Amino acid sequence: MKIKLSLVPYIIWMLIFVIIPVILIIYFSFTDINKSLSFDNILEAGKYSQVFLRSIIIGAISTVLCLIIGYPAAYLISKVKLKYQNFLIMLLMIPMWTSFLLRTYAWMTLLEYNGLINKLLVFLGLPRLNMINTPGAIILGMVYNFLPYMILPIYNILVKIDKKIIEAAQDLGANKFKVFTKIIFPLSLPGIISGITMVFVPSVSTFVISKMLGGGSILVIGDLIEMQFLGNNYNPYLGSCISLILMIIIMICMKIMNSLDTQSNYTEKRTKK
Amino acid sequence: MKSSIIKLENIKVSFNNEVILENLNLNIKEGEFVTLLGPSGCGKTTTLRIIAGFLNPDEGNIFFKDKKINNVPAHKREVNTIFQKYALFPHLNVYENVAFGMRIQKKPESEIKAKVTEILKMVNLVSYIDRDVNSLSGGQQQRIAIARALANNPKVLLLDEPLGALDLKLRKDMQSELKSIHQKTGITFVLVTHDQEEALSMSDTVVVMDKGSIQQIGSPEDIYNEPKNAFVADFIGESNVISGIMIDDFKVSFCGKEFSCLDKGFEKMSIVDVVIRPEDIKVVTPEQGDISGVITSVVFKGVHNEIIIDVNGFKWMIQTTEMQKENDKIGLLIYPDAIHIMKPSPYSSKIGDYSAFSDEFYNEQHKN
Ligand SMILES: Nc1ncnc2c1ncn2[C@@H]1O[C@H](COP(=O)(O)OP(=O)(O)OP(=O)(O)O)[C@@H](O)[C@H]1O
Ligand SMILES: [Mg+2]
């Protein structure tokens with residue numbers, strides 16, 4: 001097989017930043033502290049199955065919430081006049097220009113026991129709410145941060161649906177509701193699937209949000225991995241192994257998603273024209 | 001006398017202050033095969049969209065069997081459209097595309113299946129029933145679009161240049177197929193095309209449009225033999241349109257000569273447009289001819305040669321089976337039945353001679 005010269009930089013990039021690290025992770029995963037081959041790490045990681053489960057549940061809830069909020073948002077944006085569409089997309093993007101950490105800090109100050117929201121409640125004579133350091137706060141942080149990644153791909157697909165196809169459906173007797181369920185929704189599936197992938201993957205593996213809004217009391221995989229590398233119980237072997245398991249879980253999830261996607265794959269090709 | 005099924009009354013449409021359709025009146029009878037014919041951008045698709053219910057006119061009324069339907073939404077009209085670019089549902093296979101309308105009406109599966117098979121037979125695509133529509137050729141997609149519309153049992157079928165994307169042979173086949181579907185089903189057809197041959201050969205009634213208004217409505221024979229103005233004469237087939245003076249009934253003068261003709265009823269000594277079809281002119285020697293000129297080009301067209309002749313600066317077109325050479329001087333003989341007289345119209349001075357075929361080209365050449 002001949003490789004084009006122009007591909008070489010990308011291949012080198014992939015090698016250095018993807019392939020080699022993955023190989024290292026796999027190597028570390030099956031190595032113990034004495035640098036000999038062992039499966040101890042897997043057994044050790046198995047003890048944290050609760051954490052895995054919790055991360056997946058929190059990630060899944062965030063993803064579903066993003067979808068529930070994001071789909072109607074994308075739909076509405078795609079319906080307004082073109083110049084307003086661009087404006088709304090801008091509004092969606094602007095927060096992404098400020099640091100992700102900064103935005104999460106902002107949420108901390110809002111949600112704290114002595115934060116802005118509680119101050120407002122007290123001012124109105126209502127009891128304070130316990131918001132920070134709850135799973136709810138983590139989910140809120142994730143939905144807030146990842147929502148654009150759900151809206152954008154869905155919006156992109158929706159605006160590309162040919163108006164003539166919608167008219168054809170109306171022509172054949174479909175009312176607004178039928179047009180949506182029979183045409184628009186099925187045609188937007190590829191957008192939904194990439195949106196889900198783009199939200200679910202970072203939701204499952206994040207550690208910053210859970211740490212800041214969960215106060216460290218709610219342990220998720222991201223935190224667990226970080227602890228192995230930066231904490232007192234330094235153990236890069238176990239850390240690598242947990243990362244590997246996480247990668248496999250995510251790959252399985254993506255595989256399931258893609259199998260749904262191939263059913264509607266040709267749709268995407270068609271609407272992209 | 002068949003009753004009216006679709007009637008458009010004083011329709012006016014404008015987009016961004018630009019008038020697209022004006023004062024459009026059209027009466028379509030039940031079972032009729034009507035063709036809207038006109039150049040690109042003249043408002044044919046817009047007219048269909050008004051009938052289908054995708055566009056509300058700024059002014060005017062739409063009637064379906066004498067009932068006003070201005071406010072009836074598209075999905076409730078008993079009219080189905082075959083779109084200019086098919087607009088098949090890309091996520092559904094052939095079967096589901098054709099079944100779409102019946103599924104909306106919640107017909108039982110057995111009935112749907114029978115109907116889909118029947119209709120696919122009609123368009124010769126039964127063996128494609130399970131195919132992904134994206135894997136079909138343009139012609140096949142077109143036939144699926146026709147099948148999908150027919151499956152809904154429309155009262156009126158609107159066809160927006162349904163054969164535009166097909167090659168000549170397939171086009172001819174599909175023309176006769178559509179014609180036979182029309183005869184078999186008795187559905188009213190409203191076909192849009194900019195191919196005049198298609199319009200003449202398929203329809204009961206031809207509606208010639210230009211710049212958002214109807215120029216002439218009539219049977220194909222009427223339109224061809226008795227065009228109302230220079231635009232129609234020029235657009236339907238080839239024609240030489242010359243300005244002349246009607247001296248008296250049956251007597252017209254043009255190119256500095258007097259000719260007898262079969263037309264009467266025009267004001268004496270008034271300016272008229274004279275139409276002479278290229279195939280009606282006889283080529284003779286310069287001495288024998290009514291007028292004479294020099295051949296500037298000869299193009300072989302298969303059945304005949306198309307000859308352009310310069311007669312005192314005006315380029316005539318003649319179609320003849322005889323062999324002719326460029327730069328030869330020849331005479332043209334014009335018999336009374338070859339001449340058709342029309343009232344002058346805003347088009348009179350604009351329709352040029354055969355220096356160029358399209359208006360754009362002509363205007364470009366005659367700038368300055
Ligand atoms: N939604 C719209 N907004 C603005 N202008 C439009 C719109 N739809 C049509 N027009 C304009 O109206 C005119 C007529 O368009 P229409 O599609 O009816 O032409 P047509 O006769 O079908 O032409 P063609 O043979 O090329 O399909 C064109 O000048 C077109 O640019
Ligand atoms: Mg059109």
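The values are calculated or read from the model by the stated rules, or taken from the named source; none is laboratory data. Note that the structure is a prediction, hence the values are computed from the model and not measured. Here the Cβ positions follow ideal geometry from the backbone for every residue, glycine too, while neighbour counts run over all protein chains shown. Just the protein is used for accessible areas: all its heavy atoms, side chains included, with ligands, DNA and RNA removed. Shrake-Rupley method; radii C 1.70, N 1.55, O 1.52, S 1.80 Å.
A few points about this structure:
- Here the condition is being modelled with pLDDT of 90 or more and exposed (fewer than 11 other Cβ atoms within 10 Å of the Cβ); of A:20, A:25, A:12, A:56, it holds for A:12 alone.
- Some residue of segment B:57-80 being touching a residue at least 40 places away in the same chain (Cβ under 8 Å), over 23 Å from residue B:214 (Cβ atoms) and in contact with a Lys or Arg (Cβ under 6 Å, 6 or more places away or on another chain): yes
- Taking segment B:316-340 as the range and being basic (Lys, Arg) and modelled with pLDDT under 90 as the test, only B:325 passes.
- Across segment A:184-196, a minimum of one residue is classified as closer than 18 Å to residue A:95 by Cβ and more than 14 Å from chain B (Cβ to nearest Cβ).
- Subset tally (residues that are open to solvent by 40 Å² or more (accessible area, probe 1.4 Å) and closer than 24 Å to residue B:219 by Cα) for segment B:235-249: 2
- Helices (runs of 4 or more DSSP H) contained in segment A:99-187 and holding at least 1 residues touching a strand residue (DSSP E or B) at 6+ places or on another chain (Cβ under 8 Å): A:163-171
- For segment B:23-44, the set of residues classified as among the small types (Gly, Ala, Ser) and open to solvent by 20 Å² or more (accessible area, probe 1.4 Å) consists of B:31, B:40, B:41, listed by residue number.
- Of the residues making up segment A:2-24, not a single one is part of a helix (DSSP H, G or I) and touching a Gly at 6+ places or on another chain (Cβ under 8 Å).
- Listed here are the strands (runs of 3 or more DSSP E) enclosed by segment B:1-115 that have at least 3 residues being more than 11 Å from every other protein chain (Cβ to nearest Cβ) and within 16 Å of ligand 2 (Cβ to nearest atom): B:18-29, B:33-37.
- Residue identified as open to solvent by 40 Å² or more (accessible area, probe 1.4 Å) and at pLDDT below 90 among B:179, B:172: B:172
- In segment B:20-51, the residues that are within 26 Å of residue B:186 (Cβ to Cβ), within 11 Å of ligand 1 (Cβ to nearest atom) and touching a residue at least 24 places away in the same chain (Cβ under 8 Å): B:36, B:37, B:44, B:45, B:47, B:48, B:50
- If you go through segment B:155-186 and keep only what is more than 18 Å from residue B:45 (Cβ to Cβ) and within 14 Å of chain A (Cβ to nearest Cβ), you end up with just B:155.
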